1. Can you tally the net charge around Gln46? Count Lys and Arg as +1, Asp and Glu as -1, for every other residue whose Cβ sits under 15 Å from the Cβ of Gln46.
2. Excluding Thr69 itself, what net charge comes from residues whose Cβ is under 15 Å from its Cβ, given Lys and Arg +1 and Asp and Glu -1?
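Every number here is computed from the coordinates shown, using simple stated rules; none is lab data. In this text the structure is predicted, and so the values were computed from the model without any measurement. Here Cβ is always computed from backbone atoms with ideal geometry, including for glycine, and neighbour counts include all displayed protein chains.
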Amino acid sequence: MQVRNHRNPVARFRVLAEGGAWIEVPAPTTNYFVQSEPGMGPGPYQFRVTDSYGNVLIDSSIPHLENGTVSGAGQIPARTVAHTVSSIGLPSGSSTTLS
């Protein structure tokens, strides 16, 4: 399995097992997530993707398609970073928040 066109780096990829537990799927350096034993089963699948900023996307009803592409139903949110900075020209003790 390969996650494509995601906004932020993928940190974790999990698949929902029959019993209702999320199973971690390792990613070797090739960026393909490979679940060896016991495998992911025949599908359809429910995946949980966590990016490097902690955003989580859960996508379900993903069919098994050998050597093909399946479009997901969602996208990881864009990264938003809030910084507080002091600026010359602001009164002492004032600050501005940038996003």
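1. Charge balance near Gln46 sits at 0.
2. Details: positive: Arg4; negative: Asp59, Glu66.
Counting the neighbours of Thr69, the net charge comes to -1.
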